[in-house]
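Input: a single structure, listed below in structure tokens.
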Amino acid sequence: MTNKLVEMAEKLSEERKKDPELSARMEVAAQGQAPRYLMISPIRRSSQDLQLFNMKMGDVFHGTRVSNAPLLPHAQSPVLFAGPASYNQGFPEKRGVILTFDQSEPESIIQESLENIVLHPDLEGLPIIVFRVNYEQGLARIVAHGKGRNYEAENWLLSRVEQPDPLDTNTLVLICSDSRVHPPVTPQGLPMAIQTLGGYLPEYTGTKDETSQLNKFFEDWLSQKEVTQQILVVAHGNFEGEGPSCGAGQASLNPHDITNNLLRSIIIELENAAKPFESVPPTSAEDRVKSLSSAIRKNLLTYPAVNESAELKSRDFIKILLMDTVSNVLSTTEV
Ligand SMILES: [Zn+2]
């Protein structure tokens with residue numbers, strides 16, 4: 001299964017290099033990222049949202065929300081919401097926040113998410129663009145609201161809508177919010193994805209915060225008891241010799257240099273989580289994201305729903321992969 005993924009990523013990368021627009025994107029990506037949108041998608045629809053709006057490498061900084069649950073206030077959602085939103089604050093060409101909802105999600109979830117979006121200090125003044133989506137038919141419609149809109153961006157996004165490929169509900173990818181890395185396509189389709197800074201997932205806390213929402217997500221998903229269900233932890237960075245590292249991984253080497261308080265506390269958490277998996281201090285962001293991947297796998301197993309399921313599943317239920325930031329080529333690792 002993983003070999004097939006590695007093969008597919010390699011092939012897609014070769015195709016991108018032959019496409020003039022996409023190879024130009026790769027050249028820009030090698031210099032850094034300046035995404036114009038922060039997009040927050042339901043976990044189930046994260047990869048499909050990129051295709052729905054025809055978003056390519058570098059276009060969106062990507063956060064995720066538990067499907068069928070509202071975005072929580074940032075203090076209750078440091079990893080899923082606060083971190084990506086605070087990191088996004090540093091980009092120079094921001095146009096807005098895109099929020100998508102599955103058409104079956106109740107109106108109250110949209111309203112509550114909107115209330116909490118505007119309370120995040122690092123999103124102040126950014127237009128919020130809300131869509132309700134029928135993913136099966138590739139139809140999106142704008143949700144009107146009074147929290148600050150950008151009609152031009154709304155129309156531009158609507159003009160790009162196309163039907164996404166089918167969902168692979170057996171694969172969940174944990175990957176960085178970085179606009180240059182997209183969840184890898186699987187032989188079955190577009191995987192579900194959780195996108196956070198460094199692809200980090202916190203330990204289950206047992207309190208009513210983002211981790212209880214995540215446990216509910218794992219419970220619903222893993223209760224399907226599909227033997228082929230798998231979780232891929234994808235660390236990204238300069239794995240092909242030259243190119244950019246994971247920004248969050250890099251920042252976690254010197255978190256006390258970060259001036260934004262919200263962002264600093266998340267990055268310190270990444271550092272603290274990774275350290276127990278480092279026998280010597282990391283000399284690069286690539287070393288750091290590898291140890292962070294081991295921490296993520298350990299944290300995943302603190303979720304009751306994941307732990308229970310892991311005992312019944314194969315050794316490869318949670319697998320770590322490395323992705324090159326620019327080529328998006330995958331490799332396996334023995335960390
Ligand atoms: Zn990253």
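Values quoted throughout were computed directly from the atomic coordinates according to the rules given, and no laboratory measurement underlies them. The structure displayed is predicted, hence computed values, not measured ones. Heads up, the Cβs are rebuilt from the backbone with ideal geometry, glycines too, and the neighbour counts pull from every protein chain shown.
Hydrodynamic estimate: the Kirkwood radius of the chain over Cα pairs, inserted into Stokes-Einstein at 20 °C and 1.002 mPa s, corresponds to D of 108 µm²/s. For a label point 7 angstrom out from the Cα of L22 toward its Cβ, which stretches of region 166-185 have the backbone nitrogen within less than 13 Å? Taking a point 7 Å out along Cα→Cβ of L22, the residues of region 166-185 whose backbone N falls under 13 Å are 182, 185. Look at W156, W221 and count the other Cβ atoms within 10 Å of each Cβ; fewest to most, that gives W156, W221. Counting charges near S67 (Lys, Arg +1; Asp, Glu -1) among other residues having Cβ under 14 Å from its Cβ returns a value of -1. Working from Cα pairs under 8 Å separated by at least six residues, relative contact order for the chain is 20 percent.
At a Förster radius of 35 Å, what calculated FRET efficiency corresponds to the Cβ-Cβ distance of R160 and T259, to the nearest 0.05? Don't jump to the answer; show the numbers that get you there.
On the way: r = 35 Å, r/R0 = 1.01.
That pair, R160 with T259, gives E of 0.50.
The spread of Cα positions in region 1-150, taken along each principal axis and listed from longest to shortest, comes to 44, 34, 27 Å. Could you list log10 I(q)/I(0) for region 67-185 at q = 0.10, 0.13, 0.17, 0.20 Å⁻¹, which the Debye formula gives when each Cα is one point scatterer? Values returned for q = 0.10, 0.13, 0.17, 0.20 Å⁻¹ are -0.33, -0.57, -1.04, -1.46. Result for the chain in a Gaussian network model with C-alpha springs under 10 Å: among G189, G90, G146, the largest mean-square fluctuation is at G146.
Taking the average, over residues, of other Cβ atoms within 10 Å as the packing measure, peptides 44-53, 71-80, 192-201 rank 192-201, 44-53, 71-80 from highest down. Taking only the alpha carbons of region 144-222, we obtain Rg and Dmax values of 16.3, 43 Å in that order.
Cβ-Cβ distance of T2 and L119, R₀ of 45 Å, FRET efficiency by 1/(1 + (r/R0)^6): the value works out to about 0.65.
When the chain is treated as a GNM, springs tying every alpha-carbon pair under 10 Å, which of N260, N155, N88 comes out with the largest mean-square fluctuation? The residue that fluctuates most here is N155. Excluding same-chain neighbours fewer than eight residues apart, the aspartates and glutamates reachable from K298 by a Cα-Cα span under 12 Å are E203. Taking the DSSP bridge list for region 2-332 and keeping only pairs wholly inside it, about 20 percent are antiparallel. Using the Cβ-Cβ distance between R141 and L312 with R0 set to 51 Å, the FRET efficiency from 1/(1 + (r/R0)^6) comes to roughly 0.80.
Using a cutoff of 8 angstrom between alpha carbon atoms and counting only pairs six or more residues apart, the relative contact order for region 158-301 works out to 24 percent.
Hey, which of these cross-link pairs are over 20 Å Cα-Cα: K94/K290; K225/K319; K18/K94? K94/K290; K18/K94, as the Cα separations exceed 20 Å there.
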